[in-house]
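To start, the structure itself, in structure tokens.
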Amino acid sequence: MDLAQNFQDLFTFEALISMLTLSVLEIVLGIDNIIFIAIIAGKLPERKDQRKARVVGLSLALLMRIALLFSITWVIALKDPLFYISDFGATGRDLILFAGGVFLLFKTTVEIHEKIEGAGEQEVNVKKLALNAVVMQIVFIDIIFSFDSILTAVGLVNNVLIMVLAVIIAMLIMLAFSERVSDFINKHPTIKMLALAFLLMIGMILIMDALHFHVPKQYIYVSMAFSLLVEGLNMRMRSRRAKKGTHFDN
């Protein structure tokens with residue numbers, strides 16, 4: 001890639017439109033990432049540790065994404081079969097997506113079990129270790145989610161600098177809203193359970209994708225939006241009932 005030519009091409013109207021479009025797509029594709037970060041960071045005992053985990057985790061993830069963009073030839077090569085099982089050709093991308101799907105299923109199932117069984121909060125004896133563990137999980141899952149967004153970027157834009165700037169913009173926006181999303185999810189137990197169900201679905205989709213059964217993510221986003229709409233109406237109804245109850249008590 002000619003970086004000098006790519007830099008010159010940045011200062012065009014077409015490049016600006018491409019960068020904005022790609023930034024929006026990166027944010028949309030990063031919704032599942034934000035939800036995972038909100039849930040996993042929320043397990044840290046102190047708010048400052050939660051904020052630190054989000055900032056450090058997303059910053060490291062950003063560096064990893066930029067490194068992957070500059071190694072785009074290697075990323076694309078991950079779509080070439082490494083070995084065959086009968087007629088099934090397993091690629092590097094398949095193995096990574098499968099590992100990520102299993103990881104998400106495990107983490108989400110454990111979290112749902114804790115919520116249903118009402119397991120008490122465990123005391124964190126070594127906060128540094130817990131913080132490091134959360135950061136590493138954020139980076140790991142972001143790498144898994146990175147492949148779809150990077151391959152989408154390659155399909156839309158030929159300029160690697162535009163890709164990098166779009167990823168930086170998307171990550172900064174995700175970082176700016178991650179705390180609000182985290183607070184909202186952790187404040188409302190039903191929303192948190194919906195988010196966990198969404199992550200469970202994402203884990204299944206990743207495994208299916210690794211096995212070459214492709215399910216468009218639009219179906220997931222539509223079902224999630226509908227579920228959130230229904231839950232939003234329920235929250236509104238509960239809020240109005242609570243206000244009426246308070247009014248009658250007075």
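The values are calculated or read from the model by the stated rules, or taken from the named source; none is laboratory data. No experiment lies behind these values; they were computed from the predicted model shown. Here Cβ is always computed from backbone atoms with ideal geometry, including for glycine, and neighbour counts include all displayed protein chains.
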### Task
Could you please find all residues in segment 79-121 being touching a His at 6+ places or on another chain (Cβ under 8 Å) and closer than 12 Å to Leu211 by Cα?
Phe88, Asp94
### Query
Out of the residues in segment 181-208 that are β-branched (Val, Ile, Thr) and touching an Asp or Glu at 6+ places or on another chain (Cβ under 8 Å), which is farthest from Tyr219 (Cα to Cα)?
Thr190
### Query
Hey, among Met237, Met204, Met193, which residue is modelled with pLDDT of 80 or more, among the aliphatic types (A, V, I, L, M) and exposed (fewer than 11 other Cβ atoms within 10 Å of the Cβ)?
Met237
#### Entry: Residue satisfying condition, being modelled with pLDDT of 80 or more, assigned to a loop (DSSP other than H, G, I, E, B) and at negative phi, within set Phe198, Phe213
Phe213
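Residues checked against (1) surrounded by 15 or more Cβ atoms within 10 Å (Cβ to Cβ); (2) outside any helix (DSSP H, G or I); (3) modelled with pLDDT under 85:
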position: Leu58; (1), (2), (3): yes, no, yes
position: Leu68; (1), (2), (3): yes, no, yes
position: Trp74; (1), (2), (3): no, no, yes
position: Lys79; (1), (2), (3): no, yes, yes
position: Leu97; (1), (2), (3): yes, no, yes
position: Gly100; (1), (2), (3): yes, no, yes
### Query
Is there a residue in segment 106-113 that is at pLDDT 85 or above and touching a Leu at 6+ places or on another chain (Cβ under 9 Å)?
yes
